[in-house]
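Here's the structure, in structure tokens; my notes come after.
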Amino acid sequence: MTIKLMQGNEACVEGALRAGMRFYAGYPITPSTEIAEISSIKLPKLGGKFIQMEDEISGMAATIGASLTGLKSMTATSGPGFSLKQENLGFAVIGEIPCVIVNVQRGGPSTGLPTAPAQGDIMQARWGTHGDHAIIALYPNSVREIYDTTIRAFNLAEKYRTPVILLLDEVIGHMREKIEIPEDSEVDIINRKKPTCPPEEYKAYELKEGDFVPEMAPFGAGYRYHVTGLVHDETGFPAGADKAEDLLNRLISKIEDNVDDICTYEEYMLEDADTAIVTFGCTSRSAKSAIKSLRKEGYKVGMFRPITIWPSPEKQLIELSKKVKRIVVVEMNAGQYFLEVDRISGKNTIVEKYGRLNGEIITPDEIISVIKEGHNA
Amino acid sequence: MPSNLIKEYYREDKLPHIWCPGCGNGIVTRSIVKAIDALGLDKNDVCIVSGIGCSSRASGYLDFNTLHTTHGRALAFATGIKMANPKLHVIVITGDGDCSAIGGNHLIHACRRNIDITTILYNNNIYGMTGGQYSPTTPTGDKGTTAPYGNVDPNFDLCELAHAAGASYVARGTAYGAIQLQKLIENGIKNKGFSLIEAITACPTYYGRKNKKGSAVNMMKTVKEGAVINKAWDKLNDEQREGKFTIGELYNESKPEYTEQYAKIIASFKKED
Ligand SMILES: Cc1ncc(C[n+]2csc(CCOP(=O)(O)OP(=O)(O)O)c2C)c(N)n1
Ligand code: SF4
């Protein structure tokens, strides 16, 4: 174990390299730029590649291209850049191409609040690309957790052959914290499954018995196959509308059937709680501090923090809704995740929202008064 | 022997193709395959990347590592592939709209980097797949489904654009002169750097019909008659150049190639340890 003082964005790169990232393509945008800068320094030293593309669209495209040759690939961006990546993000979903997309969020819409924190891309992460699909999005709340979660993002991308979104908060991306870097033996690394059959027998999108994703051959390894953004059959070639439902259902269920494996979360002081705060990222740190104070005053408050924000931890949120009288969703937006929590928990308990749009973080004091205000109301 | 060519390089079970009778796309695609064959490249080392459009469907018919991407973005995907695995011969298939409208920015930056990608631009002067709208290469005054009164946009010379942006090899051929086109593609693949080979082709279904260019055969004749080899072109005055275009190798110069330059950075660290 090594102890280091590290910035959140730096921890993201360190985690990515630990996971095996060997390719980065992107376009600079605040507050994500350090991720590109540090990648550009470190990758060539490891024999990896960094390229600054002409925009975010090409950054996403090049990331996918590199992944197809077998390299673990990542791109990072913020607000407007994340919007630009959406079409090719959808390509990675339908083509089942593992990659990691980091979005250090900033206020929007449009150029919005360039360097101020915001948590406004919750729904963009879920539904930004067009069409029906599933997505994995992770949301860490500390520098150490950014390190671990970035590794996990690569692992999930490789395991489920899917793009994985890592949502970060500006304040944590730019904050420095002392972190413990785990030993190699403590870190599990997952690599995509490659075909073992002879190339003539390889069907690029065939699901083998007991697998939930097809084996993936790197371009150039002798398995010549076709990748397209069109609806395709198990051979990878365009297929008619009659194959669309099969394909899309498979892509959705490979994630939805495995939520127990994919979903991670933190529960804090929920055992006896009658009020639960649901929150994530930097707002969860204010919430924790608020809960400590409220507990001293006798309020039975706890916190549920999804770390995997998509897919939703439905099972846990239903259980929570049966246990508490009130859920308050605290987030730095106008109520995006509230919509999801209300959908899941709203039938069983009161779900309220507390948000903020001015680019300032939500303080513990604010949360304390929100909880007190509604208490016994 | 065309049948051997098909057996060796086409995915026979994916044929017949979707192209209209009389479309020039098949001839251009065949020239690419003949060039690969003539150079004796290993199929496993060839990667064909295409965008979206009629011409971009070619990738699916060819037995290589093939990638059919999003509209206009083929060069951006290809850049990632080439950068990640420089051993691959990366060939991009794109249409005039794909390459120069939505994908125009990727084109100029791929040229500027001089990354070793060979781009074959199928120029039919129109958006084929979406039904005949005018493209950046539709001649001014010509008609399209979105230019019912004649196109007011000035049109692009994409070879000049590629050269100005830094491509080290730029050539133009036609679907009529398939053997010459093949040679230009071969030279483009051999060039260590970014190569653009514009292939002038014909879309009888939309461009032809909208602009009363006659039958597919007639359009091919027009392509033949419009093409002037570059040496002869220099001697023509502006009036004589009207309605004609120059073909052949237009620019061929040696410049540092992108992935080789990056490899030097990687190698500099290897020396240290
Ligand atoms: C983002 C996006 N915009 C628009 C389209 C619709 N579209 C499909 S093909 C095409 C035009 C293709 O024209 P061109 O590149 O000239 O190729 P051709 O079909 O003539 O070979 C367009 C506009 C799309 N698929 N994606
Ligand atoms: S629409 Fe035009 S370009 Fe497309 S296949 Fe038909 S003839 Fe060819």
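Points worth noting:
- In the context of the full set of protein chains, residues of the range A:176-231 present 57 Å² of accessible surface per residue (probe radius 1.4 Å, heavy atoms only).
- Per-residue shielding of B:56-66, expressed as the average number of other chain Cβ atoms within 10 Å of the residue Cβ, stands at 4.
- Antiparallel bridges, percent of DSSP beta bridges restricted to the protein assembly as shown (to nearest 5): 25 percent
- Amide H to amide H distances under 5 Å link A:Val328 with A:Ala276, A:Ile277, A:Val278, A:Glu352, where only residues 5 or more positions off or on other chains count and H is placed in the peptide plane.
- Looking at chain B alone, DSSP beta bridges between its own residues are antiparallel in about 20 percent of cases.
- Extension gain (nm, one decimal) between B:Asp42 and B:Thr146, 0.36 nm per residue minus Cα-Cα: 33.1 nm
- Environment charge at B:Val170 (Cβ cut-off 10 Å; Lys +1, Arg +1, Asp -1, Glu -1): -3
- Kirkwood hydrodynamic radius of chain B, from inverse mean 1/r over distinct Cα pairs, in Å: 18.9 Å
- Selection from B:Leu107, A:Pro313, B:Ser268 lying farthest towards where the dipole of the protein assembly as shown points positive, charges on Cβ: B:Leu107
- Within the same chain, lysines fewer than 8 places from B:Lys224 are excluded, and of the rest, those with a Cα less than 28 Å from its Cα are B:Lys34, B:Lys143, B:Lys183, B:Lys190, B:Lys210, B:Lys212, B:Lys213, B:Lys235, B:Lys244.
- Of the trypsin sites (Lys or Arg not before Pro) found in the range B:71-172, the ones in coil according to DSSP and having at most 16 other Cβ atoms within 10 Å of their Cβ are B:Lys87.
- Cα centre as origin, Lys/Arg/Asp/Glu Cβ charges: chain B dipole, Debye: 340 debye
- Size descriptors for the range B:146-214: radius of gyration and Dmax over Cα atoms are 15.1, 44 Å.
- Dipole of the range B:170-227 computed with +1 at Lys/Arg Cβ and -1 at Asp/Glu Cβ about the Cα centre; of B:Ala202, B:Ile189, B:Thr174, farthest Cα towards the positive end is B:Ala202.
- Taking amide H as placed 1.01 Å from N in the peptide plane, the amide H of A:Ile307 sits under 5 Å from that of A:Thr264, A:Tyr265, A:Glu266, each at least 5 places away or on another chain.
- Shielding by partners for peptide B:261-269, expressed as the average number of C-beta atoms from other protein chains within 10 Å of each residue's C-beta, is 3.
- Rounded to whole Hz, the Karplus (6.51, -1.76, 1.60) HN-Hα couplings of the range A:135-150, x for glycine and proline: 8, 10, 9, 10, 9, x, 10, 8, 5, 4, 5, 4, 4, 5, 6, 5
- Expressed as a whole percent, the proportion of Cα-Cα pairs in the range A:249-368 lying more than 26 Å apart is 18%.
- Simple rule: put +1 on each Lys or Arg Cβ and -1 on each Asp or Glu Cβ in chain A, find the dipole, and look at A:Gly229, A:Gln119, A:Phe219; the Cα lying farthest toward the positive end is A:Gln119.
- Gaussian network model of chain A, springs between alpha carbon atoms under 10 Å - residue of A:Pro198, A:Pro311, A:Pro140 with greatest fluctuation: A:Pro198
- Contact order normalised by residue count of chain A, Cα under 8 Å, 6+ apart, percent: 16 percent
- Carbon + sulfur, % of accessible area of the range B:98-222 - ligands and nucleic acids excluded, 1.4 Å: 57 percent
- For the range A:318-340 and the range A:120-153, distance of Cα centres in Å: 18 Å
- Over the C-alpha atoms of chain A, the Rg to Rh ratio, Rh being the Kirkwood estimate, stands at 0.98.
- Contact order, relative form, for chain B: 18 percent (alpha carbon pairs under 8 Å, 6 or more residues apart, mean separation divided by residue count).
- Based on Cα atoms of the protein assembly as shown, Rg over Rh with Rh as the Kirkwood radius reads 1.03.
- Label-point separation, B:Ser215 to B:Lys270 (7 Å along Cα→Cβ), nm: 6.0 nm
- Binned Cα-Cα distance frequencies in the range B:100-199 - 10 Å width, integer %: 17, 41, 32, 10, 0
- Each residue of the range A:349-354 was assigned a 3J(HN,Hα) from its phi angle through the Karplus curve 6.51 cos²θ - 1.76 cosθ + 1.60 (θ = phi - 60°); the sequence is 8, 7, 10, 10, 10, 9 Hz, with glycine and proline shown as x.
- Test item: Cα-centred dipole of chain A, Lys/Arg +1 and Asp/Glu -1 on Cβ, debye: 640 debye
- Neighbouring partner chain Cβ atoms per residue of B:83-94, average, 10 Å criterion: 4
- Hz values of 3J(HN,Hα) by residue in the range B:238-253 - Karplus curve (6.51, -1.76, 1.60), Gly and Pro given as x: 3, 5, 5, 7, 3, x, 10, 9, 8, 10, x, 7, 8, 9, 8, 9
- Euclidean distance of C-alpha centroids, the range A:218-273 and the range A:1-48, integer Å: 27 Å
- Summed over both chains, the accessible area lost when B and A associate is about 3100 Å², using a 1.4 Å probe.
- Rolling a 1.4 Å probe over the protein heavy atoms of the range A:323-377, with every protein chain left in place, gives an accessible area that is 53 percent carbon and sulfur.
- Highest average first, the peptides A:312-318, A:62-68 ordered by how many other beta carbon atoms sit within 10 Å of their residues are A:62-68, A:312-318.
- Close amide-amide hydrogen proximity is noted between B:Val92 and B:Val49, B:Thr118, B:Thr119, B:Ile120, each under 5 Å apart and 5 or more residues distant or on a separate chain (H modeled in the peptide plane; Pro and chain starts excluded).
- Extension gain from A:Ser110 to A:Lys208, taking 0.36 nm per residue of separation minus the Cα-Cα distance: 30.9 nm
- Among B:Asn105, B:Asn114, B:Asn124: highest mean-square fluctuation, GNM of chain B, C-alpha pairs under 10 Å: B:Asn105
- Using the Cβ of B:Asn114 as centre and a radius below 15 Å, the other residues enclosed give a net charge of +2, where K and R count +1 and D and E count -1.
- Mean separation of Cα contacts under 8 Å, 6 or more apart, over the residue count of the range B:213-264: relative contact order %: 32 percent
- Taken about its Cα centre, the range B:1-120 carries a charge dipole of roughly 200 debye when the Cβ of each Lys and Arg holds +1 and the Cβ of each Asp and Glu holds -1.
The values are calculated or read from the model by the stated rules, or taken from the named source; none is laboratory data. Please read these numbers as outputs of a predicted model, since none were measured by experiment. Positions of Cβ are backbone-derived with ideal geometry, glycine not excepted, and every protein chain shown enters the neighbour counts. To get the accessible areas, we keep the full protein, side chains included, count just its heavy atoms, and leave off ligands, DNA and RNA. Shrake-Rupley method; radii C 1.70, N 1.55, O 1.52, S 1.80 Å.
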